[in-house]
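Worksheet for the structure shown next.
The values are calculated or read from the model by the stated rules, or taken from the named source; none is laboratory data. Given the structure is predicted, the values throughout are model-derived calculations rather than measurements. In this analysis, Cβ positions are derived from the backbone assuming ideal geometry, glycine residues included, and neighbour counts consider all displayed protein chains.
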Amino acid sequence: MRWSLQIATVAGIPVRIHATFGLLLLWIFGSYIVAGRGVLLAIEGVALILAVFACVVFHELGHALVAKRYGVRTRDITLWPIGGVARLERIPERPSQEVAVAVAGPAVNVVIAFALALVPGAVPSAAGILAQPNAVQGPFLGELLLINVVLVLFNMIPAFPMDGGRVLRALLAMRFEYVRATQIAAAIGQGFALLFALAGLWMMHPLLLFIAFFVFIGAGQEAAAAQWRSAFDGTPVSRAMIRDFRTLRAGDPLALAVQLLIEGHQQDFPVLGDRPGAPPVGVLTRADLLTALASGRLDRRVEEITRKNCGVAHPREMLDAVFQRMKEGDCPAVPVVWEDGALVGMVTLENVGEYAMVQSALSRGSARPHGT
């Protein structure tokens, strides 16, 4: 993932931290200094944030380890200033499994809160913070206990992208088709977002407005993702690949790529090796070509700016897996080849999107009652 740094590997799962997380720590430290609380309290404030995000890592590991039990791999865990995200390869097959995976994260926070409650003095300090919420600084363990309780309550709100939204979707999926269940859960989530926004405007609370925006966008993205997964379900690459396309060779000059770009409708080109019958060595994208042209040299070889990290796809490979791989690798196009390396097609993000729109339109048309 862009702008993220891997800081650890836990149970075989890469744990990454996004670059913007550093800005949060600087903001916390600076806010203490500006408020005149001193360097020691500023360091303690940063330490509290680091402890909270350690709890967030354990929360996400709860999701990941339960998902692993059901055969679902976790690609990585990334920490953002607004929380953590565990990227699962796919949604568990059964709604009951999705419920278990979703609940596992908050359950970890319950265990952490219970463990902290056993520490002498932690519960009274947490109660004191609740009694005086405007206090400048509360006891460290009491604040950490209270934050874990808040994390449980917040994550169980039945709204995407929180865990409660996934529990709600799984329960609805026991009665409705998966996409319909996601749409209902997303609509409920966006309803909560509107309530948060109204509360934020009424109370003049910017955090509630931020949460409202976060929930509204997350719910919409989850509904769209479910629609796309439904469109790709069981679809091989061969049904969505482009068969009419032009290719370039590694030794061709950029001038030829420019000519093909201008004369045709194609924006990305599979790049073949120079020898006859050579398999693809990568992809030349329109964006990379335009960037290279900024130097003013048309005599450069195509292979100099060819993307070689996008790999290839097989005609019988599932389209959803290839699409996910393209998004993660920032690859707008992937050559499609047989086992012997023979090029038979090309998949682009653009034509995959068009295929999804066609399938969505067809499904809506088949759902309408036909007139007599």
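Does segment 17-34 contain any residue that is under 30 Å from Arg87 (Cβ atoms) and of a type in the set (Gly, Ala, Ser)? Taking every residue of segment 17-34 in turn, at least one turns out to be under 30 Å from Arg87 (Cβ atoms) and of a type in the set (Gly, Ala, Ser).
Matching residues to (1) surrounded by 12 or more Cβ atoms within 10 Å (Cβ to Cβ); (2) out of contact with any strand residue (DSSP E or B) (no Cβ under 9 Å at 6 or more places or on another chain); (3) in a loop (DSSP other than H, G, I, E, B); (4) at negative phi:
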site	(1), (2), (3), (4)
Leu290	no, yes, no, yes
Gly311	yes, no, yes, no
Val322	yes, no, no, yes
Cys331	yes, no, yes, yes
Pro335	yes, no, no, yes
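Residues of segment 247-268 include at least one that is part of a strand (DSSP E or B) and either free of Cβ contacts under 8 Å to residues at least 12 places away in the same chain or closer than 27 Å to Lys327 by Cα (or both).
The set of residues from segment 236-250 being of a type outside the set (Lys, Arg) and either modelled with pLDDT under 85 or surrounded by 15 or more Cβ atoms within 10 Å (Cβ to Cβ) (or both) comprises Pro236, Val237, Ser238, Ala240, Met241, Ile242, Phe245, Thr247, Leu248, Ala250. The condition of being modelled with pLDDT under 85 and either out of contact with any strand residue (DSSP E or B) (no Cβ under 8 Å at 6 or more places or on another chain) or hydroxyl-bearing (Ser, Thr, Tyr) (or both) holds for only one of Asp233, Asp299, that being Asp233. Taking residues in segment 145-173 that are of a type in the set (Asp, Glu), and partners anywhere that are modelled with pLDDT under 90 and not in a loop (DSSP other than H, G, I, E, B), the pairs with Cβ atoms closer than 6 Å and at least 6 places apart or on different chains are Asp163/Asn155. Taken as a whole, the structure places Ile242 among residues that are in the same structural domain as Pro280 (by TED's automatic domain parsing), aliphatic (A, V, I, L, M) and touching a residue at least 60 places away in the same chain (Cβ under 8 Å). Against the definition (over 23 Å from His63 (Cα atoms), buried (at least 20 other Cβ atoms within 10 Å of the Cβ), over 20 Å from the mean Cα position of the chain (by Cα) and not assigned by TED's automatic domain parsing to the domain that holds Val57), how does Phe176 come out, yes or no? No.
So in segment 41-91, with the set limited to residues that are of a type in the set (Ser, Thr, Tyr) and in contact with a helix residue (DSSP H, G or I) (Cβ under 7 Å, 6 or more places away or on another chain), which one is farthest from Phe154 (Cα to Cα)? Explain how you work it out, then say what you get.
Pass one, segment 41-91, residues of a type in the set (Ser, Thr, Tyr): 70, 74, 78.
If we keep only those that are in contact with a helix residue (DSSP H, G or I) (Cβ under 7 Å, 6 or more places away or on another chain) as well, we get 70, 74.
Working: Tyr70: 26, Thr74: 23 Å.
Checked segment 41-91; the qualifying residue farthest from Phe154 (Cα to Cα) is Tyr70.
Flag: Ile13 does not match the condition of being over 28 Å from Val99 (Cβ atoms), of a type outside the set (Phe, Trp, Tyr) and assigned by TED's automatic domain parsing to the domain that holds Val150.
The requirement of being closer than 19 Å to Val358 by Cα, surrounded by fewer than 19 Cβ atoms within 10 Å (Cβ to Cβ), more than 19 Å from the chain's Cα centre (by Cα) and not small (Gly, Ala, Ser) is fulfilled nowhere in segment 219-230; no residue meets it.
Of the residues examined, Ala342 is one that is under 16 Å from Pro270 (Cβ atoms) and exposed (fewer than 15 other Cβ atoms within 10 Å of the Cβ). Put simply, of Phe192, Phe210, Phe196, Phe214 the only residue that is over 29 Å from Val352 (Cα atoms), at pLDDT below 80 and not in a loop (DSSP other than H, G, I, E, B) is Phe210.
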